[in-house]
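The values are calculated or read from the model by the stated rules, or taken from the named source; none is laboratory data. In this text the structure is predicted, and so the values were computed from the model without any measurement. All Cβ positions, even for glycine, are placed from backbone atoms using ideal geometry, and neighbour counts span all protein chains on display.
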Amino acid sequence: MNILIINGSPRKKGNTELLAEAFAKGASAQYHVEMVSVRDYKVSPCLGCNACFKTNGICAQKDDMVLIYEKMNQADMLVIASPVYFYGISAQLKAIIDRFHNPIRDSFHIKKMALLLVGAATLPELFDAILTEYNLCLKFFEIEDVGKVLVRGIKDKGDIKGTHFIEDSYQLGASL
Ligand SMILES: Cc1cc2nc3c(=O)[nH]c(=O)nc-3n(C[C@H](O)[C@H](O)[C@H](O)COP(=O)(O)O)c2cc1C
């Protein structure tokens with residue numbers, strides 16, 4: 001199985017990246033794992049022009065999304081990792097997900113997904129909006145959820161180090 005992790009945090013060695021790395025470490029004993037981080041890819045938001053539906057998937061915007069489409073085409077499993085930004089995922093990650101509004105998605109064969117989230121607040125409702133979107137996407141793409149690590153109360157860079165969340169993420173990766 002090829003696992004693609006999309007890390008939605010622009011913060012290098014931030015909490016999301018550390019959580020995603022733990023997942024990758026757990027999964028890589030059995031599977032091929034690749035992580036892409038939004039800070040390394042310039043992906044513009046979808047223009048909604050629908051040109052891609054007339055050009056067999058060629059987007060009017062020339063940017064790094066072509067590289068992510070290639071990786072999505074190779075992937076059997078997708079892991080979405082994001083910091084909570086105003087109760088949603090990061091804008092950089094949302095831009096990537098919106099660009100799946102392209103007929104190229106018909107060639108994806110992703111069958112499993114996992115979700116890794118980190119937020120600073122401890123509110124019970126912290127992830128509600130993201131979980132609604134995640135569950136609707138699972139249904140739309142007919143993908144199975146294989147698990148989530150939802151982290152509250154982690155704010156500053158590196159705060160997640162030494163917490164049980166790192167182990168939880170490793171175990172989720174190892175359990176696939
Ligand atoms: C633009 C922005 C918006 C944020 N909004 C929220 C929020 O709505 N709720 C929350 O709990 N934390 C929020 N945070 C805090 C981050 O989720 C938190 O610091 C997280 O640990 C960052 O992960 P990272 O180190 O991977 O970037 C926000 C941070 C930023 C930079």
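In the stretch 81-88 there is no residue that is away from the ligand (no atom under 16 Å from the Cβ), of a type outside the set (D, E, K, R) and either modelled with pLDDT of 95 or more or surrounded by 21 or more Cβ atoms within 10 Å (Cβ to Cβ) (or both).
The set of residues in the stretch 32-80 that are of a type in the set (Asp, Glu), under 15 Å from LEU4 (Cβ atoms) and either out of contact with any strand residue (DSSP E or B) (no Cβ under 8 Å at 6 or more places or on another chain) or at pLDDT below 95 (or both) comprises ASP40, ASP64, GLU70. For the structure I just gave you, tell me whether LYS148 is in contact with a Leu (Cβ under 8 Å, 6 or more places away or on another chain) and surrounded by 15 or more Cβ atoms within 10 Å (Cβ to Cβ). It is true that LYS148 is in contact with a Leu (Cβ under 8 Å, 6 or more places away or on another chain) and surrounded by 15 or more Cβ atoms within 10 Å (Cβ to Cβ). Pairing each residue of the stretch 92-107 that is farther than 18 Å from LYS54 by Cβ with any residue that is assigned to a helix (DSSP H, G or I) and acidic (Asp, Glu), provided the two are 6+ apart or on different chains, yields C-beta distances under 9 Å for ILE97/GLU133.
In the stretch 31-56, the residue that is surrounded by the fewest Cβ atoms within 10 Å (Cβ to Cβ) out of those that are in contact with a helix residue (DSSP H, G or I) (Cβ under 8 Å, 6 or more places away or on another chain) and over 25 Å from ILE160 (Cα atoms) is ASN56. Quick check, is THR122 within 15 Å of the ligand (Cβ to nearest atom), of a type in the set (Val, Ile, Thr) and over 23 Å from LYS25 (Cβ atoms)? Taking the combined requirement at face value, the residue satisfies it. When restricted to residues that are under 23 Å from MET113 (Cβ atoms) and either touching a residue at least 40 places away in the same chain (Cβ under 8 Å) or in a loop (DSSP other than H, G, I, E, B) (or both), the stretch 60-85 contains 15. For MET65, the criteria (1) closer than 26 Å to LEU18 by Cα; (2) away from the ligand (no atom under 16 Å from the Cβ); (3) surrounded by fewer than 14 Cβ atoms within 10 Å (Cβ to Cβ) hold in every case but one, which is (3). Of all residue pairs spaced 6 or more apart or on separate chains, those with beta-carbon atoms under 9 Å, a first member in the stretch 154-170 that is of a type in the set (Gly, Ala, Ser) and a second member that is within 7 Å of the ligand (Cβ to nearest atom) and not in a loop (DSSP other than H, G, I, E, B) are GLY158/ASN15.
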